[in-house]
Amino acid sequence: MKKLITVALVLLLGLLFPHHVSGRSTPIGSEQKPNLIIPQSITIQPQTNTNESEPCGGQITATIYASNAFSALQTLNAALNSYDDPSNVVDDRYELCFEFPEGPLQFNAPIIFPVHSPGDQSKGVFISGLNLVSIQAANTPAVIVNYNWAPVTFDRLVLADFPEGLRAENTQLTLINSSISGNGDGPCVNLVNSNGSVIQDVDIANCIVGIRMENANNTLIGASDAQHYDQDRVMIHNCGIGIHLVSGDGNLWPRNSIYENNSGLNPNFEWKDGIVIDNNANGGILPSAAKEQTESGGVLLCEKNEEGVVVSRKIEFENISAEGVISLYRTTRDNEYQGKDYIGECGIETDGICILNTLPSWLNIPEGECGLRDLEVIAIYTTTRSSSYTAPMKFDWDSSIPAIPTDVPASTMPQAVDDGDISASSEDADILSGGMSGGAAGGGGAGPGMKCGGTLVPHATLNSAALLHSLIWMTMPLLPIIAIRRRRHK
């Protein structure tokens, strides 16, 4: 008898509270897709160590005294010519380290490396400390490298005032910890027939093109993940074009600082272009355009809890052909198409939903506001195969969006993250009546009138009297069965 009553009560509770009996606490109607976390390290090769420890075993290969240019060039060429001497092998590669105690060496002829046919191509070459400046406008690159597809690394390379800086042909180039500036006539870095090249922690300026790539594949420019942005970003500024991809595929540049490049210096491009991709290079990837949500053109939709704290910011992007990462940058006032300051990033799927859990404090967004009026931002869309050129947008707010208060339990709030870190989440939250159901939570402020809804179906609650009343009415059909069983046992 007791067992029968127990079964009836369990069935009854299952009918009344199906979600609670099954162990789920999600309200009806608020089921969400599982979060797809896009790895922030989208790259095609391991990250390069930009902090070389004790190159050349701590030894200087040659000291170049720039005051005697003729002797300095002889010393430099002799060292480069004998790069494959067994005494230069360190960690299974040839290493050459130079010092210039009297400053840069002035000359007007290119340095060609290697000057003879490569010997053991199983070993790469590491060259550190070259410091060169042009003394006249010779129409040649400062350094030409052609190493038959073997890896060559330049560390602490300084080139100045050349019509073309570094040209790497048929070479897997790594360029780190360097500075290259030109005289406005040619590219600072020119990759031709390259595969797997890496450029990190380099300042590039005053060239017609910052980095030019022709038949270049699988190049990584800048940081391979958000955590190393400050360490590995490439700064390209005051050029005609920041990056120009003529041809090639699989080239990535998600995390850099490309700004104040005026393509008016180059009549082939419009002034706004910071990144140019030609002829369906990089698989014909298109930039990620954001859907405008406010009358002023703002793209942010924000969700608040009942205390007025922003728990998520959402952007809807178009032209998302594959899952990847959206990198966001604050622009300079003189060019809304180029991004100087890295804000952070979010993971994204083909539905185009980008959820931002926080924004960096240096944006100075007032507490209680979603965005900031006239805050111009650009986005770079990167898949596992390619990066796009830029798309502009506004992180603005607009009071015309209705306010829908929501209650977000403290237990569902995410852990705090550092400034500038925008977690990768592609959680889709439907917009209803100006609000968002579900969605990721996070810190920050929100704009006037931009409160957005959370769960649309509240948690059901019953007091004890109502529960007892329901139990009595639901168990009444069982009473005849109980009476029959009692007669049979008499």
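Give the range 338-370 a look and list any residue that's in contact with a strand residue (DSSP E or B) (Cβ under 6 Å, 6 or more places away or on another chain) and closer than 22 Å to residue 295 by Cβ, or say none.
Of everything in the range 338-370, those that are in contact with a strand residue (DSSP E or B) (Cβ under 6 Å, 6 or more places away or on another chain) and closer than 22 Å to residue 295 by Cβ turn out to be 352, 354, 356, 370.
Among the residues of the range 249-263 satisfying the criterion of being modelled with pLDDT of 90 or more and hydroxyl-bearing (Ser, Thr, Tyr), which is surrounded by the most Cβ atoms within 10 Å (Cβ to Cβ)?
259
Within the range 250-267, take every residue that is outside any loop (DSSP other than H, G, I, E, B) and over 16 Å from the mean Cα position of the chain (by Cα) and give me the one that is nearest to residue 287 (Cα to Cα).
259
Looking for something over 17 Å from residue 156 (Cα atoms), touching a residue at least 60 places away in the same chain (Cβ under 8 Å), in a loop (DSSP other than H, G, I, E, B) and in contact with a strand residue (DSSP E or B) (Cβ under 7 Å, 6 or more places away or on another chain) - is there at least one such residue anywhere in the range 229-249?
yes
I'd like the residue in the range 123-178 that is among the acidic types (Asp, Glu) and surrounded by fewer than 23 Cβ atoms within 10 Å (Cβ to Cβ) and, out of all such residues, is modelled with the lowest pLDDT.
The selected residue is 161.
Residues are listed down the side, and each one gets a yes or a no for (1) in a strand (DSSP E or B); (2) farther than 21 Å from residue 81 by Cα; (3) of a type in the set (Gly, Ala, Ser):
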residue: 152; (1), (2), (3): yes, no, no
residue: 159; (1), (2), (3): yes, no, no
residue: 177; (1), (2), (3): yes, yes, no
residue: 181; (1), (2), (3): yes, yes, yes
residue: 189; (1), (2), (3): yes, yes, no
residue: 193; (1), (2), (3): yes, yes, no
residue: 210; (1), (2), (3): yes, yes, yes
residue: 214; (1), (2), (3): yes, yes, no
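Could you look through the range 195-208, keep only residues that are among the hydrophobic types (A, V, I, L, M, F, W, C) and either assigned to a loop (DSSP other than H, G, I, E, B) or not assigned by TED's automatic domain parsing to the domain that holds residue 276 (or both), and pick out the one that is nearest to residue 174 (Cα to Cα)?
The qualifying residue nearest to residue 174 (Cα to Cα) is 207.
Residue by residue, here is whether (1) farther than 21 Å from residue 394 by Cβ; (2) modelled with pLDDT under 90 holds:
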{"residue": "247", "(1), (2)": "yes, no"}
{"residue": "265", "(1), (2)": "yes, yes"}
{"residue": "282", "(1), (2)": "yes, no"}
{"residue": "296", "(1), (2)": "no, yes"}
{"residue": "302", "(1), (2)": "no, yes"}
{"residue": "311", "(1), (2)": "yes, yes"}
{"residue": "316", "(1), (2)": "no, no"}
{"residue": "342", "(1), (2)": "no, no"}
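For residue 276, are the conditions met, namely being in the same structural domain as residue 237 (by TED's automatic domain parsing), at pLDDT 85 or above and not charged (D, E, K, R)?
Answer is yes for this residue.
Which of the following residues is touching a Ser or Thr at 6+ places or on another chain (Cβ under 9 Å) and either among the polar types (S, T, N, Q) or free of Cβ contacts under 8 Å to residues at least 12 places away in the same chain (or both): 215, 262?
215
Scan the range 304-330 for residues that are part of a strand (DSSP E or B) and farther than 22 Å from residue 350 by Cα and jot them down.
304, 310, 311, 330
The values are calculated or read from the model by the stated rules, or taken from the named source; none is laboratory data. Here the structure is a predicted model, which is why all the values come from computation and not from measurement. Methodologically, a virtual Cβ is constructed for each residue, glycine included, from the backbone with ideal geometry; neighbour enumeration extends over all protein chains shown.
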